[in-house]
Amino acid sequence: MKIIIREKELKALFDGLAGVLYGRSVVSGGGEQNEHPKAKLLKLLRALIRGADVPGVLESEPIERDPGLGMIQETMSRYQGRQAELTTQAGLVAGEIAAVGGDYVKIAESGGTYVLIPLEQIVSFHLNGKQVME
C-alpha cells in the first residue's frame, strides 16, 4: 500500500497531534499561542488525582451515607480476621475478613487474591456456618 501525502498536510497533522498530546496550539511559524482549553482540564484533573487542593472545586456538601452502613461496618470490624461468606448483589464471596474501611470490606480469598466489596453491596454474611447479619 502506498500513501501519498503533502508536506503541508503532514505538518498540520503533527501540529494537531502535538496540540492534543501537549495541550497547546501551535501556529505555522512554530510559536505557541495561549494554553489550549484541554490542557487546562488536564492540569485540573492531574491536580485532583494527586490530591492537591484546587480552589472552587469539590466544595460541595458532604454526601449523606446510609445509617445502616455504619452498623455493617462496626459488625464487620468485630469479625476481622475470621472466615466469612458474604452474599452480595453480584454473588457469594468467601474468605477471611482482612480489613474493613470506611465504605468497603477487604476479603482474602483462599487462592491468595483479595476482593474489595463496597458495604452498600453486602446483602448478608455468615461466620462459621451461622448467619450473623441480614
Could you name every one of the strands (runs of 3 or more DSSP E) located completely within segment 81-130 that has at least 2 residues being touching a residue at least 24 places away in the same chain (Cβ under 8 Å)? 83-88, 91-100, 122-127
From the options R82, R50, residue that is out of contact with any Gly (no Cβ under 6 Å at 6 or more places or on another chain) and either loosely packed, with under 10 Cβ neighbours inside 10 Å or at pLDDT below 90 (or both): R50
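The values are calculated or read from the model by the stated rules, or taken from the named source; none is laboratory data. None of these values were measured; they are calculated from a predicted model. Counting neighbours? That spans all protein chains shown, and the Cβs are built from the backbone with ideal geometry, glycine included.
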